[in-house]
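Contents: one structure, followed by commentary.
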Amino acid sequence: MSEVVEMLSPVQPEIKSLERPWGYFDQYANNENVTVSLMHVNPGQRLSLQLHEKRNELWIVFDDGAKIQIDSEEKIYNSGDRVWIPAGSKHRLSCVGDKQVRVLEVAFGEWIIEDITRFQDDYRRPESGE
């Protein structure tokens, strides 16, 4: 049995804004292999510093106070900001405000728990997987 593996593009897909009589909508993926998750991070908490080889991620920030690290660069993002995280990039999301932050993750490619490699983790989870 042969396995077909799609190559990941390191380039962020085009985000289309489509006008309607009532306003518009932004389309982040159209008929693509994606997994969509809404992350909720409590004040003072953060995800592990991690990377994935089998997926790129587009993060859409819903709330002010999201600190996002990509490789060695850290920046504070606010509601409406979009962040592209190519496969192979170390990344981390932190909540630096006094209210929970929500970030929508659109993951392009294969989303499997075994694809997580952790470099730092506040919760003493294993280096890979959940």
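Which of the residues that make up the stretch 73-94 are exposed (fewer than 15 other Cβ atoms within 10 Å of the Cβ), on the phi < 0 side of the Ramachandran plot and of a type in the set (Gly, Ala, Ser)?
Scanning the stretch 73-94 gives a single hit, Ser79.
So, of the residues in the stretch 95-121 that are crowded, with 19+ Cβ neighbours inside 10 Å and small (Gly, Ala, Ser), which turns out to be nearest to Leu38 (Cα to Cα)?
Among residues in the stretch 95-121 that are crowded, with 19+ Cβ neighbours inside 10 Å and small (Gly, Ala, Ser), the one nearest to Leu38 (Cα to Cα) is Ala107.
Assess whether Arg125 counts as being more than 14 Å from the chain's Cα centre (by Cα), assigned to a strand (DSSP E or B) and over 19 Å from Asp81 (Cα atoms).
No, not satisfied.
Of all residues in the stretch 100-127, how many are touching a residue at least 12 places away in the same chain (Cβ under 8 Å) and more than 23 Å from Glu73 (Cα to Cα)?
Counting residues in the stretch 100-127 that are touching a residue at least 12 places away in the same chain (Cβ under 8 Å) and more than 23 Å from Glu73 (Cα to Cα) gives 7.
Any idea how many residues of the stretch 98-130 are among the β-branched types (Val, Ile, Thr) and under 10 Å from His52 (Cα atoms)?
Here the count works out to 4.
Among the residues of the stretch 81-97, how many are among the hydrophobic types (A, V, I, L, M, F, W, C), within 15 Å of Arg55 (Cβ to Cβ) and in a strand (DSSP E or B)?
Counting residues in the stretch 81-97 that are among the hydrophobic types (A, V, I, L, M, F, W, C), within 15 Å of Arg55 (Cβ to Cβ) and in a strand (DSSP E or B) gives 3.
Every read-out reported here was derived from the displayed coordinates using simple, explicitly stated rules and does not represent laboratory data. As the structure is a computational prediction, the values presented were derived from the model and not from experiment. Neighbour counts are summed over all protein chains in view; Cβ atoms, including those assigned to glycine, are modelled from backbone coordinates with ideal geometry.
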